[in-house]
1. When only alpha-carbon atoms are used, what values of Rg and Dmax, in angstrom, describe the range 170-225?
2. So for the chain, averaging the separation of alpha carbon pairs under 8 Å that are six or more residues apart and normalising by length, what relative contact order in percent results?
3. About the Cα centre of the range 111-251, how large is the charge dipole given +1 on each Lys and Arg Cβ and -1 on each Asp and Glu Cβ? Please answer in debye to the nearest 20.
4. Could you give the longest part of the chain that holds none of the GluC sites (Glu not before Pro) found in DSSP loops with at most 12 neighbouring Cβ atoms within 10 Å?
5. For the chain, take N as its residue count and report Rg(C-alpha) divided by 2.2 N^0.38 Å.
6. Among GLY68, PRO95, PRO217, whose Cα lies farthest out toward the positive end of the dipole of the chain, if unit charges sit on the beta carbon of Lys, Arg (+1) and Asp, Glu (-1)?
7. What's the FRET efficiency of LYS1 with LYS216 using the Cβ-Cβ distance as r and R₀ = 35 Å, to the nearest 0.05?
8. Treating the beta-carbon of each Lys and Arg as +1 and of each Asp and Glu as -1, no other charges, what is the dipole magnitude of the chain about its Cα centre, to the nearest 20 debye?
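Quick note: the coordinates plus some simple rules give every number you see, no bench work behind them. Just so it is clear, the structure is predicted and the values come from calculations on it, not from any experiment. Backbone-built Cβ (ideal geometry, glycine too); neighbour counts: all protein chains shown.
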Amino acid sequence: KLLLEVKDLSAVIAESKQPILKGVNLTVCEGEIHAIMGKNGSGKSTFAKVLVGHPDYEVTGGSVVFKGENLLEMDPEERSVAGLFMSFQSPVEIPGVSNIDFLNMAYNARRRKLGLPELGPIEFYGYISPKLDIVNMKIEFLNRNVNEGFSGGERKRNEILQLAVLGADFAILDEIDSGLDVDALRDVAKAVNGLLTPKKSVLMITHYLRLLEFIKPTYIHVMEDGSIIRTGDISIAKVLEKEGYKAIAAA
Ligand code: ADP
Ligand code: MG
Ligand code: MG
């Protein structure tokens, strides 16, 4: 079943009007895992941010349909409530706010939007506790201030915990593997796999074959200069790893 359909999507930087996305096409069905690879500066993160409605960018053409609805007409909050999730790009430290309070607030904001009663601290604790196992986090982690002194691996696992708490039908993970050692990567990948169900879909942006060996993609896309120039299976990532992007030049 169709989940997301992006057609000829173009976008510019809002401030400078510089074109970044130049006709992106992508179709994602329920249960599929898509990976986007591509050189630095090819527009991968911009694509992800345009999908979640980041205000730095302006859509200048094309369409995005998510669950049958026009995604581009929704504000970022509505997109999130509709089931779209993106890992926070550069998670900020929030002094004086514990991780569990932060997650509780985010989850309650979601519940209010859905017309559900908010969860108090004790109920929320009951909700989040079993999810800690998915990301292999100790309970003490929840009492630390948001991102304060988190290691790279802890930050990434915290992003996956956010995903587990908020729930999403379509999760965009932008370089979730960056800066992780192999063990931390395996943990994060295991957490993502633990969240996957036959109805959920993931879009992963990555530079490395390593991640794709842990989270097996249905399709791999290569982005170049603001559009997807190739789509294929894992063999694309293997060619890239061996020969670099020159081996996959735009036709
Ligand atoms: P990737 O994630 O593939 O490395 P990005 O989408 O981050 O690429 O960036 C694509 C291009 O757009 C880069 O040249 C980047 O510098 C530029 N760009 C993206 N966002 C902004 C912004 N908010 N302001 C200025 N330039 C930007
Ligand atoms: Mg980059
Ligand atoms: Mg990027």
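1. 11.2, 34
2. 27 percent
3. Charge dipole of the range 111-251: 340 debye, to the nearest 20.
4. Longest run free of exposed loop sites: 94-251.
5. 1.01
6. PRO217
7. Taking R0 as 35 Å, the efficiency between LYS1 and LYS216 is 0.95.
8. 460 debye
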